[in-house]
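The values are calculated or read from the model by the stated rules, or taken from the named source; none is laboratory data. Just so we're clear, the structure is a prediction, and the values are computed from it rather than from any experiment. Don't worry about glycine lacking a Cβ; one is built from the backbone with ideal geometry, like all the others, and counts go over all protein chains shown.
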Amino acid sequence: MIRFFFFSTIFGDPCGNSREVIEVSPFPEGFLWGLATASYQIEGSWREDGRGNSIWDDYSHYWGKENINVNGEQRCNVDKCHTGDIACDSYKQWNRDLALLKNTNVKTYRFSLSWSRLLPYGTEDLGVNQYGVEYYNKMINDLLENDIVPFVTIYHWDLPSEVQNIIAPGGWVNSSISDIFADYAEFCFRAFGDRVKNWITLNEPGIFVDQGYHEGIMAPGMKGHMLDARFNTILAHVKAYRRYDSKYRATQKGQVGITLFSMWNEPETNQENQLAALKMELDLGWWAEPIFGSGDFAPGLKKMIADAGKNLPTFTDEQIALNKGASDFFGLNHYTTRIIRACNSCEFELEEVECDSWPTTGSVWLRPVPWGFEKLLEFIHKRWDTDKYPLYVTENGASSKDDGLQDLNDQFRVDYYKTYVSAMKRAMINGVNVKGYMAWSLMDNFEWARGYTERFGVHWVDFNGKIKILTN
Ligand code: PNW
């Protein structure tokens, strides 16, 4: 067996040169290889067949006063004023997507349900859109007929506008959101759970809260609500999970989990070990410790937030009991690594840096660092026990910048996948229980605030023509 070897651990320099060796040992029988997408990023047909608006329709269409620059020109929330109005046209072209999936031979397809396509006004009481139900029914049935396991995300960031503005004003900031989300999740279990056995409640609560409700750089563009909105996402996930437990698990016999985003945070020197550990606590432990650990926030996180002069919401004893163990698996989205360095003038007294020696991609935040993936997987296993909570990598991938060419040479992406999958395999050899791996993404799509300027697809999409998809 070929074993991996990198100099950085030996000399203690995280930026030191590393050499990748590709792991060639086989994967376990039944390992779930797959591809992933999300509704708003691919479906288009934003006003068709009774779909309601979502915060991403509003955000991408909005040209507000504050978006007029010094020259009086209008700026958009999304690069190049792109929207998901058409995207990959997947609402109309499911048969094309299915053909792509069959052609790649995947065992699973991870996709998300558009809440406002199913419940245009957010709740069942206000009406169910049968066209939406039929669209997903057909997808699920076709996948099963072709031996592709549907891995379904209930919420991948497209909150119905009606929920954000009227039913729970402020959306994820509003404490009533957790019950509203659990009701929507229950609707999904009831409508599709006879056939869908793998559910993800929320995709990356850390990213959609921090960027959408705290930094204001994603929909709905609100600011200053990190702690309260993050808190509500835990309650929402747990309530949905417990709803499945009490009403659907016995008959449907599926599994329900949550997908968390995490980079690996590597200390710059040994002096920074504690800081890097705290950063992991803030990015990942925030959700993982209540759900996969003690039921409550870790003492280190509580101290960190208090030291920063902020008020961390507290769980009641009853909530702690419900949080604990409220997931059947650990869903992980991972792309890249950061070096953590002490910084007195920074929030939480730390800063994140990258090494110049790491290659770049089409996204400024993403540099390939495969050894970070191995370290992260081993960290998660040691801390939250992947024998108890099997781990699914629900996203991993790399982007290229749109250069306007139909450039099908993506050797950089082939290398990214080879080295990351090798890193995952090494972690598995070292005892991490990984059950599946879903690459992001089936095809280039609407990359949120970056519009169509960054391409994550394993299939290249021509967004200017008639949504032509090419593969090499
Ligand atoms: C994830 N960051 O988003 C999402 O789950 C996908 O929908 C998205 O297309 C994919 O990763 C690629 O970006 C992220 O700034 C967006 O660190 C931004 C960050 C991380 C994840």
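Checked against (1) more than 13 Å from the ligand (Cβ to nearest atom); (2) among the charged types (D, E, K, R); (3) farther than 25 Å from residue 293 by Cα, residue 450 passes all but a single condition, namely (1). Give, as residue ranges, the strands (runs of 3 or more DSSP E) completely inside region 179-267 that count at least 3 residues that are charged (D, E, K, R). In region 179-267, there are no strands (runs of 3 or more DSSP E) which contain 3 or more residues that are charged (D, E, K, R). Among the residues of region 363-373, the one identified as farther than 16 Å from residue 276 by Cβ and away from the ligand (no atom under 16 Å from the Cβ) is 370.
Taken together, the residues in region 238-263 that are away from the ligand (no atom under 16 Å from the Cβ) and touching a helix residue (DSSP H, G or I) at 6+ places or on another chain (Cβ under 8 Å) amount to 11. Take the residues in region 390-406 that are touching a residue at least 60 places away in the same chain (Cβ under 8 Å) and among the hydrophobic types (A, V, I, L, M, F, W, C), then tell me which one is farthest from the ligand (Cβ to nearest atom). Checked region 390-406; the qualifying residue farthest from the ligand (Cβ to nearest atom) is 391.
Selection of region 196-214 for residues being among the charged types (D, E, K, R) and within 10 Å of the ligand (Cβ to nearest atom) yields 204, 210. One residue stands out among those in region 328-362 that are away from the ligand (no atom under 16 Å from the Cβ) and among the acidic types (Asp, Glu): the one that is farthest from residue 290 (Cα to Cα), which is 356. The lone criterion from (1) at pLDDT below 95; (2) touching a Leu at 6+ places or on another chain (Cβ under 8 Å); (3) among the polar types (S, T, N, Q) left unmet by residue 409 is number (2).
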